[in-house]
Amino acid sequence: MRLYDSLTRTLREVDPVEPGHVKMYACGPTVYRYAHLGNLRSFMLYDLIRRALRLEGYRVTEVMNVTDVGHMTDESSVEAVDKMQLATADEGLSPEQIAAKYTTAVFDDARALGIEPAEEYPKATEHIQEMIDLTKVLVDKGHAYVVDNGSVYYDVASFDGYGKLSGNTLENLREGHRDLETDPRKRHPADFALWKAAGPGRLMRWPSPWGEGFPGWHIECSAMSMKYLGERFDIHTGGTDLRFPHHEDEIAQSEGAVGHQVVSIWVHAGHLRQSGQKIAKSTGNVILVQDLRDRGFDPLSFRWLCFQTQYRSEMDFTWDAMTAADQRVKQLRHHMADWASQSSEPADAAKAYDTRVREAFANDLHMPGVVAIVNELARDPNVPSGDKYALVAGWDQVLGLDLEREAKSGWEPTEEMRALMAERDAARAAKDYARSDALRDELTAMGLEVMDTPEGTSVRPR
């Protein structure tokens, strides 16, 4: 599988540090408001990469952070307020209640869009000590300094190559740049906070060697990614708006601390726009998963809509396009119900289609190409119906559109199958992958296809 690496600006083959096991980190939600479709499109990126890698036979471990402290309303303003604290004032709830409310909501929305859950969801507030420890390392290595109010800043001039991800240079990063915090105590305008002193009225605050305060936004991802995935891991995903300053700063922090490259491939999702304007909470130009439901759409159809644009390109959302995507997904489900039958060994024509789709998945997730091939297959009179069913069912492991919904609506697993499924879920929860694989083999021997879903193990007849 090849992915476009934002750092080298080239297609790079996924070559995991640990053979056969790909480790990924995704920048997750800031849980102070409902996630909108722009957020969820970027989360869908890690889901597609993971699904495609599994199709190639890799084991994949995915970690996604939950930001529940430190993300400010405006990084460049001294009057900036933590977004979590802003939400508490709006809703009259504690920061913990705000975080719990919107974390649950974003997980529900992700599930509705077929985004499979990550293996770990570390919360920033539960890893304050790891952030303090990493900040200490950076101070000790001369990459960070403490100012007189107890805040700690990263010294960007100390890190050779700062700006290599975003293309920004230190000469261009001057006072007043919209992404740079203003503080006269900083050595360089681009220096960024690792730890901030807590002022009066600050609700979320913790003790540290530099006094009471709270972590900067960027340090959490360095601390948590390396805690859960190690000092070298394979893929880091996020929205393109995170390339600077967030991911640029993350590279400086992580590599400054350990002295070598940490992330092999950086992958970024393009903006989602409506009426020419970026969909964002800050602009009020948002569309929620519930808005799709309110208009009668299956939220999974949003995936098909996204597939028509390359993931790293900007995508325009229109309700007409959403209507067409929803109709097409429902048509495909009808086709699958019609095609459902036992198939012999696939014919050469079917094998050729399968090769083309797998190559498209592997070629930087070229989903527009996959869409075209699926539509071509549906029209092709030379491929038997049973072969069409088998092909699309296999591809749906990556597409995640539940295309067998109608075809399988009358089938239910036996009690024996359910018991093995429950035992396998327990083994996966305990990270007993050897037992989990053995149970998969038992279910497969019963003539079943075994799938990992957000609700746990799912099976269907082959």
Worksheet entry | Looking only at segment 61-79, and only at residues there that are crowded, with 21+ Cβ neighbours inside 10 Å and at pLDDT 90 or above, the one that is nearest to Ala193 (Cα to Cα) | Thr67
Practice prompt. Determine, yes or no, whether Asp338 is more than 30 Å from the chain's Cα centre (by Cα), more than 30 Å from Leu11 (Cα to Cα) and crowded, with 18+ Cβ neighbours inside 10 Å.
Written response: no
Worksheet item: Does Gly259 count as small (Gly, Ala, Ser) and touching a residue at least 24 places away in the same chain (Cβ under 8 Å)?
Response: no
Fill in: Residue that is modelled with the highest pLDDT [pool: residues in segment 334-349 that are assigned to a helix (DSSP H, G or I) and of a type in the set (A, V, I, L, M, F, W, C)]
Met336
Worksheet item: Name the pairs: first residue in segment 88-115 and farther than 23 Å from Leu401 by Cβ, second residue modelled with pLDDT under 90 and polar (S, T, N, Q), Cβ to Cβ under 6 Å, at least 6 apart or on different chains?
Response: Pro95/Thr88; Ile98/Thr88
Worksheet item: Looking at segment 292-303, which of the residues that are assigned to a helix (DSSP H, G or I) and open to solvent by 10 Å² or more (accessible area, probe 1.4 Å) is farthest from Leu403 (Cα to Cα)?
Response: Asp294
Item to complete: For segment 234-291, name all the residues that are surrounded by fewer than 18 Cβ atoms within 10 Å (Cβ to Cβ), β-branched (Val, Ile, Thr) and modelled with pLDDT of 95 or more.
Response: Thr240, Val258
Fill in: Among the candidates Asp82, Asp108, residue that is open to solvent by less than 20 Å² (accessible area, probe 1.4 Å) and not aromatic (Phe, Trp, Tyr)
Asp82
Worksheet item: Has segment 162-185 got at least one residue that is of a type in the set (Ser, Thr, Tyr) and under 23 Å from the mean Cα position of the chain (by Cα)?
Response: yes
Worksheet entry | Subset of segment 122-154 (residues that are surrounded by 16 or more Cβ atoms within 10 Å (Cβ to Cβ) and assigned to a loop (DSSP other than H, G, I, E, B)) | Pro122, His127, His143, Val147, Gly150, Ser151
Worksheet item: Is there a residue in segment 408-419 that is open to solvent by less than 70 Å² (accessible area, probe 1.4 Å), within 23 Å of Val329 (Cα to Cα) and in contact (Cβ under 8 Å) with a residue 12 or more places away in the chain?
Response: yes
Fill in: In segment 312-331, the residues that are surrounded by 15 or more Cβ atoms within 10 Å (Cβ to Cβ) and of a type in the set (S, T, N, Q)
Thr323
Discussion item. Here is a check on your reading of the model: is Asp298 acidic (Asp, Glu) and free of Cβ contacts under 8 Å to residues at least 12 places away in the same chain?
Written reply: no
Worksheet, complete the sentence: Those residues of segment 158-189 that are open to solvent by 70 Å² or more (accessible area, probe 1.4 Å), under 14 Å from Glu248 (Cβ atoms) and at pLDDT 90 or above come to a total of 2
Practice prompt. Taking only segment 1-33 into account, find how many residues are assigned to a strand (DSSP E or B), surrounded by fewer than 20 Cβ atoms within 10 Å (Cβ to Cβ) and hydrophobic (A, V, I, L, M, F, W, C).
Written response: 1
Worksheet item: Within the bounds of segment 396-404, is there any residue that is farther than 22 Å from Leu113 by Cα and either open to solvent by 10 Å² or more (accessible area, probe 1.4 Å) or within 25 Å of the chain's Cα centre (by Cα) (or both)?
Response: no
Item to complete: Using the structure shown, decide if His366 is closer than 24 Å to Ser313 by Cα, open to solvent by 70 Å² or more (accessible area, probe 1.4 Å) and not acidic (Asp, Glu).
Response: yes
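The values are calculated or read from the model by the stated rules, or taken from the named source; none is laboratory data. As the structure is a computational prediction, the values presented were derived from the model and not from experiment. Quick reminder, even Gly has a Cβ in these numbers, built from the backbone with ideal geometry, and neighbours come from all protein chains shown. Ligands, DNA and RNA are excluded from the accessible area calculation, which covers all protein heavy atoms including side chains. Shrake-Rupley method; radii C 1.70, N 1.55, O 1.52, S 1.80 Å.
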